[in-house]
Every structure is written in C-alpha cells, then in structure tokens.
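Visitor: Below you'll find the structure I mean.
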Amino acid sequence: MSKYIFITGGVLSSLGKGIASSSIGLLLKQRGFSVTVQKFDPYLNVDPGTMNPFQHGEVYVTDDGAETDLDLGHYERFLDSSMSKLNNSTAGQVYFDVISRERKGEYLGKTVQVIPHITDEIKRRMRGFDGKRDIVIVEIGGTVGDIESLPFLEAARQLSFEVGKQNALFVHLTYVPFIKSAGELKTKPTQHSVKVLMEHGIMPDILLCRAEMKLDKEIRAKIGLFCNVEERSVIEALDAETIYEVPMMFAKRELDTIISEKLHLRKRVPNMDAWGRFVHRIKAPKHQVTIGLVGKYVKYQDSYKSISEAFIHAGALNNTKVVLKWIDSEHINESNVAQQLKGLDGILVAPGFGSRGVEGKITAIKHVRENNIPFFGICLGMQCAVIEFARNVAGLTNANSTEFKKSSYPVIDLMPDQKHVSDKGGTMRLGAYKAHLQKSSHAYKAYKSEVITERHRHRYEFNNEFRDVLTQAGLKLSGVSPDGRLVEIVEVRNHPWFVGVQFHPELMSRAVTGHPLFAAFVRAALVNSGG
C-alpha cells in the first residue's frame, strides 16, 4: 500500500501549493522513495485545453497527450519524472464520468449523489498509483472554504480514514501576514483557515506558513496551540530567491524528517548535493545574457511558465543568468522592430494559437535572420519562421498572410488527412512523438542523438508541397518524423544559430539536467554577447 500526503491551501490562492508539493516530493525522492504527485482541480472544465492563457496560464502536455494544469510542470521539473493523465483530474472529468455511468444505467436506479458517487470517483482516481509508488502526494486545488473543492476534501478525508493514520497525513499551506502598521505577524488568518479545514473533518498534521519573515518560537507555539499542531510541525515557508531553493529551505527545518516519522518511513538521509550545486549556479552565475521572448500572452507570464523555467535550467548549465525581456508581438512592426529588439543577445518566438500577433512575430524573425542574431522558434514560432523564409527568401510573397488556410501560398497548413475531420481546424497532434535528426545540424549537435522524442500540441503542419522550393532557397529540414512525412525542425543555412521546432521542448526541460536545445541556444546567445 502507498503512503498518502494531502496538500491543501487556505486563506488565499497563489501561495505555492504546487511548489510545496514538488519540494516535498523531491526531498522524499532523494531519500530513496518512489514518489508521484497528483493535482485535483475543482473547476468544471474537463481539462484546461480550451481555457484562456490569460486566465489559466499555460497548458502542460504529458507524454500520453493529456492537457493538464501547469503545476504538473513543476512536479516533472523537480522530480525528473514524467507524469500522465492519471496525475491530473478535474471536477469536470469526475462529474462527466459519473453522469456517463448513470446514463448507461450502471447505478441500478439509485439516486446519484455527491456522497458517495462523486467522492467514490475521486477516491478511485486518488488510488490510481496505489501500490505502484511508495508515496503519493495529492495536491487539492483551490482554497479551503471554496464550495467547489468540498467533494475533494471529503474524498481525501474518507481515503485517509480508509488507509489508516499511519499511511496518510495532511499538510496545510496557509498565510501569516505581516501588518506593517502594527509591526507584527498575525496568526488569526491561519487559525481561521485551520478551523474551516477541521469543520470538514480534517486535522492538519503539518502547517506550512507563508510569511515575509521568519516565525520565531513564540509565534510557532501560538499557531501550534490554537491549531492543534505540534510546534515542530509549524514551519515557515519564506519567499526564496529561486523556487529551486525551497526544498533546501524545507530540509533545514527537517520537514522531510517530520513526514518520515509521521508516516513511519525508513530513516534515510536525502542526497541534495547535485541540487545544491544547481541552486548555487542559479544564484551566483558568472555570465549574463538577455533574451527577448516574443509572444502574444506576455501580459500573463504564467502563459509561458515552462519556457521561463527552461531558461533557468539552461542558464545554470551555462553558468549564466538569463534575463528575459517580454515583448508583445502585437506591438512589433517594420518601423519599430530594430528598437524593440535592441540589445538582445537572442530571441525566442513563443507558441500560441490564432492569427493575432503573427505578423509581429514574422517581422521580428526577419530582423534576427538578417542580422545573424540567435533565434529559437517553438511551435507557432517555427511556423512563423517558415512563413518569413518563404516570403522574404524563397519569394512566395503571399505566403500565409493572416490566416493560414486562406493564404495563396499556405506553406503552413492542415495535413490532407485532417481537412475532412472539421472545417474549424481538424484535429490536434498531442503528446510524445519521435523525430530523426540530420547529423550536420544544430539540433543534432545539441541532442547528440539521431533519434529524439518530444511533446507536441498543435494543429497545423509544414506543408510538404513546398519542401523543394524552400530547401532549394536555403531552408534546412533538419528533423523529420520517422516516416519522413512531418517536418519537426527547420534551420537556416549560413546563420550562427537559427532553429525552429514544431514540438514543445520546454515541456521536457528538467531542473539540474535542463534541455539540450535551450542549453545550446543560451550558449549561442552567450557567444553573440561576447561573453
């Protein structure tokens, strides 16, 4: 049987349950245990695939093609472990499955209710890794007191009762604000949050208290007394210079030791040496480069969360601080592109959907191609690079104007077998696919392998009708699918570093080890900067 750790949050949102879950998972993994993390989101969308990036942030795609919450990215980056559709469930999925079974008559005429039917389905999902991992960390989205999260809290309460106290514990992440006018930390929000949690039958075993300053012994004792938690298990969760420092901060407070004792786990000492060196390179780099991130969702930077984290990893590998300049592609045009991209050591043109901001991306790509500035294009960024090359080098002047499929020269288009599926865009290519690389390419030099596997999330593809004209003009198709049918990577000959990829390499970047393409791009930017 697996051990369960339930992570809940109180007082307010955005306290960092995902980072806390990932950090606890890392510490336990470094103690030698097999660990996975699940995220339960209380919203009624089936998945975040159709949600606005400005509201929800990026959609994180797993190997099996599941469109999931961005917290799964944190789990994978910290644990260096691939997640799947089993690691993310939403209220929409739960209710959809229960109602579908009801329509099929599987409940034999019974009245279908939140308890037991919804909670049983949630528990079934929570047990998806039972016996397959030593420890299952379950992060429950939302804030204690939210109406929509109640079934998940009830399911967690029931499951903890079923597996027994020695096999389950609750970690509650809360907030201890500092009131400047009073000059002191206030514990009342935490007390109220724990009170609400206890009203649902859950007694927290450990409190992680987000605070601006260290909690002294008196404050911890007060919180422990009023929340029925031992003082040792009241742990401050302070702001860190980098999120990757959080596991080390928790380790100093012996959080992993406390968890091990409460769950009766074998005593082991976590090996954090490599992680410590990684954090040191983030905090004290020798070099610095400035990268322009050109996208259309830059007003909400969580829309590109995995990209920004991949740059942190790549920067650490190159002992370099990567400063990101966020540039809205809608604000780029021929008259201001030089000023918009001034002082950059490289640019990354980000993924996205729809025609908005595409012309700005194409204009930026033309500038960096002509001025030999390192370029990295991801998904739509790669597609824009192909369009720019087709227009300005190959001479296809009308190549993909504002809407791909209505262009006179659709160098980016739906595949023939997609077009009959729907007149609104066909089907998505989601999940992990293999690609074969040319040895004489920047991509091969980065990966040091002829065959790679990367994750995809897109609808349009490179139009094979234009392969000959574009390659003859100097575009290099340096990565293709195993059957040669799909173009995965393009490069421009006689350019220091110009790489566009159809897939999303940022989803495969991991703390400590990074990702080959991001590491190579940062090296190219460092060379361009003269560093």
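Read-outs throughout are calculated quantities, based only on the coordinates presented, and are distinct from any laboratory measurement. Note that the structure is predicted; figures quoted are calculated from it, not measured. With ideal geometry, Cβ positions are generated from the backbone for all residues, glycine too; neighbour counts draw on all protein chains shown.
Visitor: Please report the relative contact order for the chain, taking Cα pairs under 8 Å with a sequence separation of at least 6, and give it as a percent rounded to a whole number.
Guide: Taking the mean separation of contacting Cα pairs over the length of the chain, I get 15 percent.
Visitor: Here's another thing I want to ask about it. Which of His74, His192, His504 has the fewest other C-beta atoms within 10 Å, and how do the rest follow up to the most?
Guide: Fewest to most other Cβ atoms nearby, the residues stand as His192, His504, His74.
Visitor: Given region 236-322 reduced to its alpha-carbon atoms as identical point scatterers, what log10 I(q)/I(0) does the Debye formula return at q = 0.20, 0.23 Å⁻¹?
Guide: For region 236-322, the Cα-only Debye profile gives -1.00, -1.13.
Visitor: Amide H to amide H, which residues 5 or more places from Leu70 or on other chains are under 5 Å from it, using H placed in the peptide plane?
Guide: Long-range HN contacts for Leu70: Tyr60.
Visitor: Can you give the Rg to Rh ratio of region 311-374, both from alpha-carbon atoms, with Rh computed by the Kirkwood formula?
Guide: Over the Cα atoms of region 311-374, Rg/Rh equals 1.00.
Visitor: In addition: Express in whole angstrom the spacing between the alpha-carbon centres of region 320-376 and region 474-515.
Guide: Using only Cα atoms to place each centre, the spacing works out to 18 Å.
Visitor: From the phi of every residue in region 319-332, what ³J(HN,Hα) in whole Hz does the Karplus formula 6.51 cos²θ - 1.76 cosθ + 1.60 yield, where θ is phi - 60° and glycine or proline is x?
Guide: 6, 9, 7, 9, 8, 8, 9, 7, 10, 6, 5, 5, 9, 9
Visitor: Under the rule of at least 5 residues apart or a separate chain, name every residue whose amide H is placed under 5 Å from the amide H of Asn463.
Guide: Close amide H contacts, sequence-distant or interchain: Ile412, Asp413.
Visitor: Right, another one. Which value, in nm² and rounded to one decimal, describes the direction-averaged projected area of the C-alpha convex hull of region 16-117?
Guide: Working: hull surface 32.6 nm².
Spelled out: convex hull of the Cα atoms, projected over all directions, averaged, 8.1 nm².
Visitor: Can you give the calculated 222 nm mean residue ellipticity of the chain, where each DSSP H run of n ≥ 4 adds -39,500 (n - 2.57) and the sum is split over every residue, rounded to the nearest 500 deg cm²/dmol?
Guide: After summing the helix terms and dividing by the residues of the chain, the value is -10000 deg cm²/dmol.
Visitor: Next question, about the same structure. Report the FRET efficiency, 1/(1 + (r/R0)^6), for Lys186 and Lys299, where r is their Cβ-Cβ distance and R0 is 56 Å, rounded to 0.05.
Guide: Once the sixth-power term is evaluated, E becomes 0.95.
Visitor: A further question follows. Among Phe96, Phe376, which comes first, then next, by fewest other beta-carbon atoms within 10 Å?
Guide: Lowest to highest Cβ neighbour count: Phe96, Phe376.
Visitor: Tilt of helix 217-227 relative to the longest C-alpha principal axis of the chain, in degrees (0 to 90, nearest 10)?
Guide: Helix 217-227 sits at roughly 70 degrees to that axis.
Visitor: If you don't mind, another one. What Kirkwood hydrodynamic radius do you get for the chain when you take the inverse of the mean 1/r over all pairs of distinct Cα atoms, in Å?
Guide: Values: mean 1/r = 0.0403 Å⁻¹.
Evaluated over the chain, this radius sits at 24.8 Å.
Visitor: Report the semi-axes of the equivalent ellipsoid for region 92-139 in whole Å, largest first, where each axis is √(5λ) for an eigenvalue λ of the Cα gyration tensor.
Guide: Result for region 92-139: semi-axes of 25, 10, 9 Å.
Visitor: How far apart, in nanometres, would the label points at Ser449 and Glu106 be if each is projected 7 angstrom from Cα along the Cα-to-Cβ direction?
Guide: Computed distance between label sites Ser449 and Glu106 equals 3.7 nm.
Visitor: Right, another one. With only alpha-carbon atoms counted, please give the Rg and Dmax of region 185-278, in Å.
Guide: 14.6, 44
Visitor: Quick one: what are the phi-derived ³J(HN,Hα) couplings along region 182-196, Karplus 6.51/-1.76/1.60 with θ = phi - 60°, whole Hz, x for glycine and proline?
Guide: Each residue's phi maps through the Karplus curve to give 8, x, 8, 7, 10, 9, 4, x, 5, 4, 5, 5, 5, 4, 5 Hz.
Visitor: Quote the FRET efficiency, to the nearest 0.05, computed for Met51 versus His331 with a Förster distance R0 of 25 Å and r equal to the Cβ-Cβ distance.
Guide: The formula returns an efficiency of 0.55 here.
Visitor: For Lys476, what residues show an amide H to amide H distance below 5 Å, using hydrogens built from the backbone and excluding near sequence neighbours?
Guide: Correct list: Glu491, Val492, Arg493.
Visitor: Report the convex hull volume per residue for region 64-105, counting only C-alpha atoms, in Å³.
Guide: 76 Å³
Visitor: Let me ask something additional. Suppose R0 equals 56 Å; then what is the FRET efficiency for Val114 and Lys286 from their Cβ-Cβ distance, rounded to the nearest 0.05?
Guide: 0.50
Visitor: Describe numerically, in nm with one decimal, the distance between label points set 7 Å from Cα along Cα→Cβ at Glu261 and at Asp130.
Guide: Result: 3.0 nm between the two label points.
Visitor: Need one number: convex hull volume per residue for region 131-290, Cα atoms only, in Å³.
Guide: Convex hull of Cα atoms, per residue: 183 Å³.
Visitor: May I pose another question? Expressed in nm², what is the orientationally averaged projection area of the convex hull enclosing the Cα positions of region 40-177?
Guide: Computed as one quarter of the Cα hull surface, the answer is 10.6 nm².
Visitor: Let me ask something else about it. What relative contact order, as a whole-number percentage, does region 14-131 give when Cα pairs under 8 Å and 6 or more residues apart are counted?
Guide: Working: 132 pairs, mean separation 31.2, N = 118.
About 26 percent, as a whole number.
Visitor: What does the extension gain come out to for Leu225 and Asn371, with contour length at 0.36 nm per residue minus their alpha carbon separation?
Guide: 46.1 nm
Visitor: Now for a separate question. Hey, what's the per residue convex hull volume over the C-alpha atoms of region 319-414, in cubic angstrom?
Guide: Dividing the Cα hull volume of region 319-414 by its residue count gives 104 Å³.
Visitor: Taking θ as phi - 60°, what are the ³J(HN,Hα) couplings along region 259-273 by the Karplus curve (6.51, -1.76, 1.60), each to the nearest whole Hz, with x for Gly and Pro?
Guide: Once rounded to whole Hz, the list reads 4, 4, 5, 5, 9, 6, 8, 4, 6, 9, 9, x, 9, 10, 4.
Visitor: Additional query: In what sequence do Val269, Val98, Val411, Val393 fall when counting other Cβ within 10 Å, fewest first? Before the final figure, lay out the partial values.
Guide: Working: Val269 10, Val98 20, Val411 24, Val393 16.
Lowest to highest Cβ neighbour count: Val269, Val393, Val98, Val411.
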